[in-house]
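One structure is given here, and the rest of the page talks about it.
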């Protein structure tokens, strides 16, 4: 038996993944256990949880998702290239590298009680590529990895075959589409590494009328490459701000972070136009890269990974226009997924077979319904156990209730896929407003996603589901406004298609029996700024702090006592 | 003592024939490491930390 | 707390200072919430798990209240606090002693600031602070009872509290030391930086940035 633990972390969204004899046994982000959103610290809690799930005392090998030596080289080289503007960053950057990040392999060995010789690493983008290709159902594929930055590459094209992954081409830091998007996220007043989704949601409210101006910021070349004009950016010389005053001179002043959004005003509409233009630019850049990948590999299938691959709107456009017949994005496409890629690469290097295609993302810790029962009772809530959980939930949803729903093991990645979800009826737009304002406390322009029973989606959407809708990593256009709560302002929806044979599929069937439609509004089970719930305690704490009508943890139903 | 493996890894990386011309940068790292030992380990947090560090 | 009442005129004097102080409170309450959630996950006792979770919910509410108050005074969203994981580092008894000590200090501080806010004519802030101080008193009381229960005696509880205070003083000492070392590091590294010009030339010649799509 061979057990390989993959680890990502150090920068954001740390995670661990365990592969035993070629089977992905567990994968979990550290934030789910530490309760610190996007927790970057060495994921020892997540690693121990994965080992415990697999019943493994000590792994045979630990594989980190990045080469720490190449990283320190790139840091030093880019600081020197930026001389003398990088003088403020130099002490901090070198301090962080030499003070902690260089020693990550030692920290992992000590923290997990594994001999240091058994702790190795793979390259950042190779880990991303593996996390997509080896989780995909394709025997051969082109692979495109796009993120902020790894050791040196910010984008890479790979060719995945029966022989393994081979790099075809790459674009180096500082020309990074991830950092481009991050810089605009900061310009629009959102938190970097967190607000990128908001930029994508906001883009639907604007029109790409600033696209021409943005052509000065990023030049696309005919070979699929792209170049950033660094004079508009500051991420290479400044840790706090991603963009320079020149960008503000081009597009107008940045948006103040604290001002509430009001898209009725011309001012905020103008910011939505910037978001839409950025989104259009990103899509054009990704399309160029994807078409090059198609040409160079001559493959029919494409896998995408890296933080930028979480851009569902761009993914849909790539699927339509890049010339591939199938496209796959696994749900933890960001850095967390690097842990999965590292574990798979390590296992295959040790002779394990390629893992089976990823069927679902329920790879985290399981919930303990008995614990939820005990805690909810102790906090004074009404608790009951039900025989037919699905009928109970369906009935409540049809009465317009908003339900916190917890089932089985938690999802790997940022998407709620039916294990840790807030569920509601997908029809009334008022439901969306209620969840946005009372539960998520987020900007009113952000959409919610529909989960539909696979095979029924053509009743509401223009195209059938595909390899991506299974993991909610693409969008579809709605045929009408029936599902008002889950249709974005531009008529799209981040559709999630659910296997009828799965437990969540059974719930959707019960919902259909109750309401006539096998669709629910499905958003992640977390409050504003919090990681998604993992354990029963998280779920009960969420229920106590948020105005949802009921908490359902497997067969345990928790409600508030009438006051 | 196991940290020697990391030191060896770092040296090996910079002395590799593909980038031996960067070997002088080891002097910079050595000077910084001496200063770091003198001042104690430090850690920092900032949003663009992953781009620079 | 005497120090808090002495500092109150300064800390509450202007909306900006008020916002900064409230944001610091929000951060502290958030950090405390995280530690309590970790403790709830780690304690072997279901009763204490429920108690820590309930306490964590209060801290979360306090953090939100303080963050909202900071925003009302013109501050932006506060940076969220980080967990110290005192349960894992100090054991359950050490953790409880630290929490008890912190709650007691928080209660005194908030009560003093509430009085001050009232005098300054900010009735709303005074009410908020008083309500939170009341919660802190309840936390102080339950952690006090648990301390006695876990240590087996009043004397044991007092000993744990003395240790918590000593550890906190040591932590402060180390933090100040780290901050000073940080200044020395920054100054010396900045000096080193400007001595690196030859290396800059080396990198510019030997490793110019590669642009566009680079084939493997």
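The values are calculated or read from the model by the stated rules, or taken from the named source; none is laboratory data. Only a predicted model underlies this, so the values are computations on that prediction, with no experimental measurement involved. Here the Cβ positions follow ideal geometry from the backbone for every residue, glycine too, while neighbour counts run over all protein chains shown.
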Inside region A:212-248, can you point out the residues that are in contact with a helix residue (DSSP H, G or I) (Cβ under 9 Å, 6 or more places away or on another chain), within 16 Å of residue A:187 (Cβ to Cβ) and assigned to a helix (DSSP H, G or I)? A:213, A:214, A:216, A:217, A:231, A:232, A:246, A:247, A:248
All conditions in (1) within 7 Å of chain A (Cβ to nearest Cβ); (2) modelled with pLDDT of 90 or more are true of residue C:167 except (1)
Quick one: in region A:503-561, which of the residues that are more than 26 Å from residue A:195 (Cβ to Cβ) and within 21 Å of the chain's Cα centre (by Cα) is nearest to the other protein chains (Cβ to nearest Cβ)? A:535
Any residue in region A:84-107 that is at pLDDT 95 or above, facing another protein chain (nearest Cβ under 7 Å) and touching a strand residue (DSSP E or B) at 6+ places or on another chain (Cβ under 9 Å)? yes
Unique match (being closer than 30 Å to residue A:263 by Cα and away from chain C (no Cβ under 14 Å)) among A:407, A:425: A:425
Residue check for residue A:167: in contact with a strand residue (DSSP E or B) (Cβ under 8 Å, 6 or more places away or on another chain), within 11 Å of chain C (Cβ to nearest Cβ) and closer than 30 Å to residue B:27 by Cα: no
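Taking the stated definitions as given, is residue A:371 touching a helix residue (DSSP H, G or I) at 6+ places or on another chain (Cβ under 7 Å) and more than 17 Å from residue A:525 (Cα to Cα)? Can you show your working first?
On the way: touching a helix residue (DSSP H, G or I) at 6+ places or on another chain (Cβ under 7 Å): yes; more than 17 Å from residue A:525 (Cα to Cα): yes.
It is true that residue A:371 is touching a helix residue (DSSP H, G or I) at 6+ places or on another chain (Cβ under 7 Å) and more than 17 Å from residue A:525 (Cα to Cα).
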Working carefully through the options A:280, A:290, A:275, find the one that is more than 18 Å from residue A:192 (Cβ to Cβ), buried (at least 22 other Cβ atoms within 10 Å of the Cβ) and in contact (Cβ under 8 Å) with a residue 24 or more places away in the chain. A:290
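Would you confirm, using the coordinates I've provided, whether residue A:44 is more than 15 Å from residue B:32 (Cβ to Cβ) and within 12 Å of chain C (Cβ to nearest Cβ)? First the steps, then the outcome.
Values: more than 15 Å from residue B:32 (Cβ to Cβ): yes; within 12 Å of chain C (Cβ to nearest Cβ): yes.
In short, yes.
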Set B:15, B:36, B:27: member being within 7 Å of chain A (Cβ to nearest Cβ) and at pLDDT 80 or above: B:36
Considering C:71, C:64, which residue is within 9 Å of chain A (Cβ to nearest Cβ), at pLDDT below 95 and either closer than 14 Å to residue C:135 by Cβ or buried (at least 23 other Cβ atoms within 10 Å of the Cβ) (or both)? C:64
Which condition number in (1) surrounded by 19 or more Cβ atoms within 10 Å (Cβ to Cβ); (2) part of a helix (DSSP H, G or I) is the one that residue A:430 fails? (1)
Conditions (1) within 14 Å of chain A (Cβ to nearest Cβ); (2) touching a residue at least 12 places away in the same chain (Cβ under 8 Å): number failed by residue C:89: (2)
Of residues in region A:19-41 being surrounded by fewer than 20 Cβ atoms within 10 Å (Cβ to Cβ) and within 17 Å of residue A:334 (Cα to Cα), the one nearest to the other protein chains (Cβ to nearest Cβ): A:37
Residues of region C:19-54 classified as part of a helix (DSSP H, G or I) and away from chain A (no Cβ under 11 Å), total: 11
Residue list for region A:299-339, filter: touching a helix residue (DSSP H, G or I) at 6+ places or on another chain (Cβ under 9 Å) and in a strand (DSSP E or B): A:302, A:303, A:304, A:305, A:326, A:327, A:328, A:329
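Taking the conditions exactly as written (part of a helix (DSSP H, G or I), crowded, with 20+ Cβ neighbours inside 10 Å and within 21 Å of the chain's Cα centre (by Cα)), does residue C:137 satisfy them or not?
On the way: part of a helix (DSSP H, G or I): yes; crowded, with 20+ Cβ neighbours inside 10 Å: no; within 21 Å of the chain's Cα centre (by Cα): yes.
So residue C:137 does not fit the description; no.
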Of everything in region A:55-74, what is in a helix (DSSP H, G or I) and either over 28 Å from the mean Cα position of the chain (by Cα) or within 12 Å of chain C (Cβ to nearest Cβ) (or both)? Give them in sequence order. A:73, A:74
Go through the residues of region A:11-26 one by one and say whether even a single one is within 26 Å of the chain's Cα centre (by Cα), part of a helix (DSSP H, G or I) and closer than 29 Å to residue B:7 by Cβ. no
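Within region A:132-155, can one find any residue that is away from every other protein chain (no Cβ under 11 Å), modelled with pLDDT of 95 or more, under 30 Å from residue A:357 (Cα atoms) and part of a helix (DSSP H, G or I)? Give the derivation first.
The first filter runs over region A:132-155 and keeps only residues away from every other protein chain (no Cβ under 11 Å), leaving A:132-146.
Now narrow it down to the ones that are modelled with pLDDT of 95 or more: A:132-146.
Add one more test, that the residue is under 30 Å from residue A:357 (Cα atoms), and what stays is A:132-146.
Subsequent filtering for residues that are part of a helix (DSSP H, G or I) retains A:132-133.
There is at least one residue in region A:132-155 that is away from every other protein chain (no Cβ under 11 Å), modelled with pLDDT of 95 or more, under 30 Å from residue A:357 (Cα atoms) and part of a helix (DSSP H, G or I).
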